[in-house]
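Take a look at the structure set out below.
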Amino acid sequence: MIALISYLAGLAALGFGVAVVATRRSVHTAVSLIGNILALAVLFLTYQAQFMAFVEVAVYAGAILILFLFVIALLAAGKEEERDEYGPELAGQVAGAVGAAALTAAALLLALRVHAPRAAAALAHLPKGYGTVQQVGAGLFGSYLLPFELTAPVLLAAIVGVVILARPQRGGGEERA
Amino acid sequence: MPEVAVLILSALLFSLGGYGAMARKNPLQMFMAIEMMWNAVNLVFIYFARQFGDVGGQIFVFVVVTVAAAEVAIGLGTVVLAFRGRERLDLDELDSLKG
């Protein structure tokens, strides 16, 4: 059952992923990306990452994509032409993307091969309650406290940066592109 | 799913995102392709975290999502600044640094 769900979610993620690079209008791209993220969240659940599946939906499909939709409404409305975006060199581009995919997959498979014995041993003794919110929380506030705390300055830097970007320009006449 | 399928799915999503990021002319769509690349990486983190029974991979996803959120906030702010008042939403319009 879980295997079937993960296959379906993987196929959906791939289909929506193709739609993300193939759709012409920004709104369609955004909706495809939401579908892609929801499918990935289902995959996360099948790999016992409950908290991260929730974060993926709430932060990505929720906050980030809503931000995208706002900017699309602000910028793209009425400005998008139905033009053929990719042009005649499409075949070469697709070939390049497939080659990149093959290389990435090869690298990942090599990593898996190198660590296969360790992974088999770890899977056989998967800790009880692995991936529950309690366990992730204990990790966040325990051995991974430093990276967790470092997310705070990252977000603060983003807030300060956006405020500076959005501030009205002083000095006039200065063009910013 | 067998592990090979997960890794190939992730590699495909990553490369599709990279393709979109390079080939797209609309800055918003280019950005969304980059978001898909982040997510492909997250899938590998989650998958290997369970393979190794180590919750650290999931916490790395937490950090990645945070950085992605910060990146989107700054990036979209820049895109709005750059394209507000322009006629077309096309990255080729940004040529003021061209010599």
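The values are calculated or read from the model by the stated rules, or taken from the named source; none is laboratory data. Keep in mind that what you see is a predicted model, and the values were worked out from it rather than measured. With ideal geometry, Cβ positions are generated from the backbone for all residues, glycine too; neighbour counts draw on all protein chains shown. The area values use the complete protein model at the heavy-atom level, side chains included, leaving out ligands, DNA and RNA. Shrake-Rupley method; radii C 1.70, N 1.55, O 1.52, S 1.80 Å.
For the options B:GLU87, B:GLU71, B:GLU35, a Gaussian network treatment of chain B with springs between C-alpha atoms closer than 10 Å singles out B:GLU87 as fluctuating the most. Between A:LEU67 and B:GLU93, the C-beta separation translates, for a Förster distance of 25 Å, into a calculated FRET efficiency of about 0.65. I want the local charge near B:GLY53. Using Cβ-Cβ distances under 13 Å, sum +1 for each Lys or Arg and -1 for each Asp or Glu among the other residues. Counting the neighbours of B:GLY53, the net charge comes to +2. Among A:LEU109, A:LEU155, A:LEU38, the largest mean-square fluctuation in a Gaussian network model of chain A (Cα springs under 10 Å) belongs to A:LEU155. A simple spin-label model places the labels of A:HIS125 and B:GLU3 1.7 nm from each other, with each point 7 Å out along Cα-to-Cβ. Other residues lying with their Cβ under 15 Å from the Cβ of A:GLN135 contribute a combined charge of +1, Lys and Arg counting +1, Asp and Glu -1. Each label was represented as a point 7 Å from its Cα along the Cα-to-Cβ direction; for A:GLN93 and A:ALA116 these points are 3.8 nm apart. What longest range of chain A stays clear of loop-exposed GluC sites (Glu not before Pro) (DSSP non-H/G/I/E/B, at most 12 other C-beta within 10 angstrom)? The segment A:90-173 is the longest one with no such site. Comparing A:LEU40, A:LEU103, A:LEU156 in a Gaussian network model of chain A, where Cα atoms under 10 Å apart are tied by springs, the biggest mean-square fluctuation is seen for A:LEU156. Of the accessible area of chain B, computed with a 1.4 Å probe over protein heavy atoms only, carbon and sulfur atoms account for 66 percent. By the gyration tensor of its Cα atoms, with a ≥ b ≥ c the square roots of the eigenvalues, what is the shape of chain A: rounded for a/c under 1.5, prolate for a/b over b/c, or oblate? In terms of gyration-tensor shape, oblate.
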